[in-house]
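Some notes on the structure that comes next.
No lab work stands behind these numbers, since they all come straight from the coordinates. Model, not experiment: these values are computed from the prediction. With ideal geometry, Cβ positions are generated from the backbone for all residues, glycine too; neighbour counts draw on all protein chains shown.
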């Protein structure tokens, strides 16, 4: 379960040391935006050493530099031998980007006696081209595990102002969720960048959850708890899901073709949502 994916600068030893203590389901160790060109080599080595030394209990994602730079292959050469669970590819724009990364990862996995395809990829979509190619990106190869939205770069590309309300990214959010679900992969929402507006963060996270996102990228540890809560089923959600499954089982035992709960017919989509809630609860350690 990846409700929160917290960015950690790849050139910050203190953040890397404390990565497991910040409460996020996943950490994204960043070799791209957080690291200046002069620090790329040092950050790459620092991250390699951190992955080799620490046994992170949280899911580890490494954001490499983009395919349009001269850094990404060196990133992979240092990082792949340590077998992070995920690579985050910035500015994913088309299916060929995913295939290029897939082949590079495969060669390094084989060279390091790792399971081919074991390192999964999250495609960070942050351009207009990427939004329009979202399904092709998500379905490019089995290694793709999720799409993620990067609204800051996207709105610059769209030539519009980034706002807290998010009307300017409404289409992109919907497009990514639909593409990800059609391809059978997860989908993560863009970070909320105002570190002090916790009420705004909660509203934004609940909006993303309501749209169908699996979780949310996070840039500040203060945001982790709010995001985790927003993407977790509530006690009321879990109780209702249990009721749905109970009446369905009772109906089947009685040979009924249709059942109702609180005056509402329980159909296949309601059952599917109930199962999703109970699965999420189980992943959180709540006995379903």
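Brief remarks follow.
- Boolean, residue 130 is in contact (Cβ under 8 Å) with a residue 24 or more places away in the chain and in a helix (DSSP H, G or I): yes
- Filtered residues of the range 252-281 (kept if surrounded by 14 or more Cβ atoms within 10 Å (Cβ to Cβ) and over 35 Å from the mean Cα position of the chain (by Cα)): 259
- Condition broken by residue 239, with the remaining ones in (1) assigned to a helix (DSSP H, G or I); (2) within 25 Å of the chain's Cα centre (by Cα) satisfied: (2)
- If you filter the range 32-48 down to residues that are out of contact with any strand residue (DSSP E or B) (no Cβ under 6 Å at 6 or more places or on another chain) and surrounded by 14 or more Cβ atoms within 10 Å (Cβ to Cβ), you find that the one that is nearest to residue 118 (Cα to Cα) is 48.
- Some residue of the range 137-145 being under 28 Å from residue 81 (Cα atoms) and in a strand (DSSP E or B): yes
- Condition met for residue 138 (over 26 Å from residue 23 (Cα atoms) and touching a helix residue (DSSP H, G or I) at 6+ places or on another chain (Cβ under 9 Å)): yes
- Residue within the range 267-275 that is over 30 Å from residue 28 (Cα atoms) and not in a helix (DSSP H, G or I) present: yes
For (1) under 21 Å from residue 120 (Cα atoms); (2) not in a helix (DSSP H, G or I), each residue gets a yes or a no:
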residue: 2; (1), (2): yes, yes
residue: 41; (1), (2): no, no
residue: 44; (1), (2): yes, no
residue: 52; (1), (2): yes, no
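- Reported count of residues in the range 175-204, each being within 15 Å of the chain's Cα centre (by Cα), within 19 Å of residue 225 (Cβ to Cβ) and free of Cβ contacts under 8 Å to residues at least 40 places away in the same chain, is 1.
- Checked against (1) assigned to a loop (DSSP other than H, G, I, E, B); (2) in contact with a strand residue (DSSP E or B) (Cβ under 6 Å, 6 or more places away or on another chain), residue 232 meets all criteria but (2).
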